[in-house]
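Participant: Questions regarding the structure given below will be posed in turn.
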Amino acid sequence: MDVLDLTRLQFAVVTIYHYFFVPMSISLAAVAAGLEITWLRTRRDLWKNLTRFVGKLLIVTFAVGVVTGLVQEFQFGMGWSAFARFYGDVFGPTLAIEGMLAFFLEATFLALWYFGWDRLPRLAHAATIVIVSLGTVLSAFIILAGNSFMQNPVAYSLDPVTGRAHLTSFRELLLNKVNLAAFPHTLSGAAMIGGALLLAIAVWRRAADPGFRPLSRLGAWLMLAGGAATALTGDHLGKVITQVQPMKMAAAEALYTTTSGAPFSLVTTGKPLPSFALDIPGLLSILAKGSPGATVQGIDELQAQYAAQYGPGNYVPMIPVAFWSFRLMIGVGMLAALVAAYFLWRTRREREAPGWLLRWLPLIPILPAAGNTIGWIFTETARQPWIAFGISKVADGISPGLTSSEVLASLAGFTVVYGIVAVVWFRLVRHLSRQPLSPAPAAVDEPEMSVTY
């Protein structure tokens with residue numbers, strides 16, 4: 001692997017690790033806010049105890065997400081300084097605002113929420129966690145605007161002297177049509193991973209503490225609703241991506257020839273040169289353009305078009321990665337939603353789920369976490385060779401003078417530290433989960449007995 005491949009690998013490792021915790025934080029904050037509002041309405045201690053429990057999970061997860069997010073931002077200076085120097089004026093506002101939201105808004109109000117129990121008025125206390133939840137959502141929207149610029153560059157102009165990109169409208173950057181489509185898709189995936197974490201913990205603990213039973217069904221409902229929303233928003237996002245990056249959708253099916261009524265392969269043994277394939281006629285045309293008879297451009301035609309438009313070069317991404325990641329993303333997400341639906345059906349009317357399901361459900365977070373990760377792998381690798389589609393290639397964004405040994409050293413360091421942080425996070429979550437939901441009653445000193453003779 002050359003220095004470019006190693007730098008891309010390092011960025012991928014840091015990004016994927018960071019993104020394990022971001023959607024969980026978004027989902028846990030929303031759940032904590034919803035549970036506290038429920039407690040205010042019902043005054044039942046169960047909801048208060050669940051609110052405290054989910055909030056503690058949020059604090060641990062949020063802390064890891066903030067730390068790894070800082071490293072994520074530093075990656076632009078470490079390995080991609082040429083890209084940061086060229087497009088820093090566009091990316092700078094999104095990174096700065098997201099950082100301020102994470103540190104000043106979310107962290108501040110999360111601290112007020114944690115230390116404000118029995119100190120703040122109930123409505124004011126509930127407002128703090130609602131603000132945290134809104135902050136995580138707003139933070140995601142703003143940072144996604146930066147990524148959406150890489151998918152569909154908008155709201156910029158190039159300086160004729162320096163050649164640097166300048167932001168022309170922050171509003172247009174935020175309202176990028178890719179961002180408007182990717183944002184609800186991201187929130188849907190967040191609901192799935194947050195629900196899966198709560199379901200796994202609740203199933204593990206519900207035998208010892210019955211208070212976890214409603215949390216298990218809440219987690220399953222989040223997974224199911226998130227899965228349905230992911231499918232709907234993903235369908236819309238696919239159509240938007242086809243408009244701005246037709247090569248990505250062609251790569252998702254390894255479609256080399258422009259085709260009307262393009263099929264979608266459910267099962268295949270040898271793509272991109274299949275010896276066997278189970279296709280659904282017209283499905284790719286529906287996914288790409290909403291009509292079973294629509295024409296989908298093929299890889300060969302797009303390669304010739306890009307070569308004429310941008311100059312000689314290879315504009316085809318890694319087809320096997322795009323093809324299989326697209327199917328794994330969909331398949332893993334559907335499987336997670338089906339497991340949640342089956343759990344809800346088996347536990348209806350206070351029934352108990354079968355033993356084999358309860359034994360395996362503590363591993364359920366693996367499915368939505370894998371779906372989120374594979375989705376981002378598809379999004380980023382199928383854009384290659386562009387770092388910002390149509391205006392800058394990946395090879396042009398790497399830091400000058402960077403050596404393979406430097407990247408290997410930093411990659412090894414990140415991997416070791418992140419591995420330690422992962423163990424710490426897991427042990428903290430396990431420790432919090434083992435604690436009873438209902439706090440032990442405070443000891444009350446018995447009054448001294450007075451005896452009169």
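Participant: Relative contact order for the chain: what is it in percent, counting Cα pairs under 8 Å that are at least 6 residues apart?
Facilitator: 19
Participant: Could you tell me the relative contact order of segment 29-76? Use alpha-carbon pairs under 8 Å, at least six residues apart, and round to a whole percent.
Facilitator: Computed value for segment 29-76: 33 percent relative contact order.
Participant: For the residue pair Met334 and Glu406, what label-to-label distance in nm results when each label sits 7 Å from Cα along the Cα-to-beta-carbon direction?
Facilitator: 4.6
Participant: Please list, short to long, the whole-number percent of alpha-carbon pairs of segment 250-390 in consecutive 10 angstrom bins beginning at zero.
Facilitator: Over segment 250-390, the share of Cα pairs per 10 Å bin runs 11, 31, 30, 17, 9, 3, 0 percent.
Participant: Quick one: grab the alpha carbon gyration tensor of segment 65-114, order the square roots of its eigenvalues as a ≥ b ≥ c, and give me rounded if a/c is under 1.5, else prolate or oblate depending on whether a/b is larger than b/c.
Facilitator: Oblate shape, in that a/c is at least 1.5 and b/c is the bigger or equal ratio.
Participant: How much of Leu287 can a 1.4 Å solvent probe reach, expressed as accessible area in Å² and rounded to 10?
Facilitator: Accessible surface of Leu287 is approximately 40 Å².
Participant: When only C-alpha pairs under 8 Å and at least 6 residues apart count, what is the relative contact order of segment 132-191, in percent?
Facilitator: 37
Participant: Mind checking the full-extension length gain between Leu40 and Val423? Use 0.36 nm per residue of separation minus the Cα-Cα distance, one decimal, nm.
Facilitator: Contour length minus the Cα-Cα distance gives 134.3 nm.
Participant: Summing Lys, Arg as +1 and Asp, Glu as -1, what charge do residues with Cβ under 15 Å from the Cβ of Thr42 carry, Thr42 excluded?
Facilitator: Summing Lys and Arg as +1 and Asp and Glu as -1 gives +3.
Participant: When the Cα centres of segment 122-142 and segment 12-47 are compared, how far apart do they sit, in Å?
Facilitator: Here the answer is 10 Å between Cα centres.
Participant: Could I ask something else about it? Report, in deg cm²/dmol and to the nearest 500, the calculated mean residue ellipticity at 222 nm for the chain, where each DSSP H run with n ≥ 4 adds -39500 (n - 2.57) and the sum is divided by the residue count.
Facilitator: Roughly -23500 deg cm²/dmol at 222 nm, from the helical runs in the chain.
Participant: Please list log₁₀ I(q)/I(0) at q = 0.06, 0.09, 0.10, 0.12 Å⁻¹ for the chain, using the Debye equation with identical point scatterers on the alpha-carbon positions.
Facilitator: -0.30, -0.65, -0.80, -1.11
Participant: With every protein chain kept in place and ligands, DNA and RNA left out, what is the accessible area per residue of segment 134-190? Probe 1.4 Å, answer in Å².
Facilitator: Using a 1.4 Å probe on heavy atoms only, each residue of segment 134-190 averages 41 Å².
Participant: Suppose accessible area is computed on protein heavy atoms with a 1.4 Å probe; arrange Ile286, Ile420, Ile387 from highest to lowest.
Facilitator: Largest accessible area first, the residues go Ile420, Ile286, Ile387.
Participant: Could you work out Rg/(2.2 N^0.38 Å) for segment 41-90, with Rg from alpha carbons only?
Facilitator: Normalised by 2.2 N^0.38 Å, the Cα Rg of segment 41-90 equals 2.00.
Participant: How big is D, in µm² s⁻¹, for segment 1-132 by Stokes-Einstein at 20 °C and 1.002 mPa s if Rh is the Kirkwood radius over C-alpha pairs?
Facilitator: Answer from the Stokes-Einstein relation: 130 µm²/s.
Participant: Could I ask something else about it? With a 1.4 Å probe and all protein chains left in place, how much accessible area per residue does segment 196-273 have, in Å²?
Facilitator: Value for segment 196-273: 37 Å² per residue.
Participant: Of the heavy-atom accessible surface of segment 1-145 (probe 1.4 angstrom), what whole percent is carbon and sulfur?
Facilitator: Of the solvent-accessible surface of segment 1-145, carbon and sulfur hold 72 percent.
Participant: Also: Could you please state how large a percent of the accessible area of segment 197-296 is carbon and sulfur, counting protein chains only and using a 1.4 Å probe?
Facilitator: 69
The values are calculated or read from the model by the stated rules, or taken from the named source; none is laboratory data. Quick caveat, the model's predicted, so the values are computed rather than measured. Cβ coordinates were reconstructed from backbone atoms using ideal geometry, including for glycine residues, and neighbour counts include every protein chain displayed. Surface accessibility is based on the protein's heavy atoms, side chains included, excluding ligands, DNA and RNA. Shrake-Rupley method; radii C 1.70, N 1.55, O 1.52, S 1.80 Å.
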